[in-house]
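Structure, as structure tokens:
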Amino acid sequence: MIPAPFEYHAPSTVKEAIGLLERHGDDAKLLAGGHSLLPIMKFRLAQPKVVVDIGRIAGLDKIEAKGSTITIGALVTHDAVEQSDVLQKQCPLLPETASVIGDMQVRNRGTLGGSLAHADPAADYPGAILALEAEIVATGPKGNRTIPAKDFFVEMLTTALQPTEIITEVRVPAIAGKGIGSAYLKHPHPASGYAVVGVAVVLQVSGGKCQKAAIGINGVAGKAYRASAVEKALVGKALDEKTVADAAAHAADGADVQADLYASSEFRAHLASVYTKRAILKAASRAT
Ligand SMILES: Cc1cc2nc3c(=O)[nH]c(=O)nc-3n(C[C@H](O)[C@H](O)[C@H](O)COP(=O)(O)OP(=O)(O)OC[C@H]3O[C@@H](n4cnc5c(N)ncnc54)[C@H](O)[C@@H]3O)c2cc1C
């Protein structure tokens, strides 16, 4: 339970942090809230020779509304996402998601950027980030690049980030009102609290019919995915219970459904349908 020895750096700017990543290459690891990295270092599953603590870099902990977009700094904690007035009013899906991550200690320390970069398939944010069609801003030696959520999660614990890039910001759309409803529901693992299945839904409804559906599912496969078959089955329809149940039956279509000691792949696929149906109905009830 004691990590292997490492050199510790606490840069005060993003530029300095990127310089350290360039200098130390694969030997270096960024540290944000530490709630994923430190446990794996203690188990010696990760043994970085250099730890670059970005937690003291100023300016990465802000949430700001800019027109129809809300920018969230990479160091914003899960608790700050949950408590944010701006997000609660304009993008309630994200606070709802943050509110069910781990426990109070985890939410006080863990960060949005750290969770996305870690890309744990059972983490809660990825489904919401996909359903919101968010953008992840990565800063590297050549400046900023914007990665659409759909391209960000590559496979289990792997993202589109380059080794010398740091997530600095996440951009989500302001979606409240305008006939849009959203919901995140999860079936938590009874011991860890991580998502066995987590379903994030954003619906646009007008004239009693679904105009657009975006559904992100985490926990089920090696990486979070958009449930496109479900989305397609909803668009153009009134969201009555039968239509929603028929559509939700496709929640695991095309997914490489994982199995573990807690849930077989059959049980997980079943949970995916059940939670997708519930999350769609909840989002529909909020689409006013
Ligand atoms: C007991 C426990 C229960 C938990 N339960 C849940 C849960 O229910 N749901 C859930 O979603 N999560 C859960 N977590 C994980 C938690 O949300 C972590 O905080 C999160 O996954 C990682 O964020 P962090 O800021 O702690 O990152 P760190 O642990 O500091 O870093 C994680 C990884 O991301 C990299 N990284 C960090 N920041 C950046 C950045 N800005 N740019 C690029 N790379 C970066 C690091 O190098 C490292 O590889 C739990 C953790 C614990 C310990």
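Observations, loosely collected:
- In the elastic network of the chain, a GNM with C-alpha springs shorter than 10 Å, the most mobile of ARG171, ARG56, ARG268 is ARG56.
- Listed peptides 205-216, 117-128 appear in the order 117-128, 205-216 once ranked by packing, highest mean of other Cβ atoms within 10 Å at the front.
- Unsatisfied cross-links (Cα-Cα over 20 Å) in the set LYS142/LYS223; LYS186/LYS212; LYS66/LYS89; LYS89/LYS277: LYS142/LYS223; LYS186/LYS212; LYS89/LYS277
- In degrees, nearest ten, helix 265-286 long axis to first principal axis of the chain (Cα): 70
- Mean projection area, nm², convex hull over Cα of the chain: 14.5
- Under the criterion of Cα pairs below 8 Å and six or more residues apart, the relative contact order for the chain equals 15 percent.
- Taking a straight Cα-Cα cut-off under 16 Å and skipping sequence neighbours fewer than 8 places away in the same chain, the aspartates and glutamates within cross-link reach of LYS242 are GLU231.
- Pairs exceeding 30 Å between alpha-carbon atoms, taken from LYS62/LYS209; LYS150/LYS209; LYS29/LYS282: LYS62/LYS209; LYS29/LYS282.
- Loop-located trypsin sites (Lys or Arg not before Pro) in the stretch 69-163, at most 12 other Cβ atoms within 10 Å (DSSP): LYS142
- Global form of the stretch 117-222, assessed from the alpha-carbon gyration tensor, a/c cut-off 1.5: oblate
Values quoted throughout were computed directly from the atomic coordinates according to the rules given, and no laboratory measurement underlies them. Keep in mind it's a predicted model, so treat the numbers as computed, not measured. FYI the Cβ positions are ideal-geometry reconstructions off the backbone, even for glycines, and counts take in every protein chain you see.
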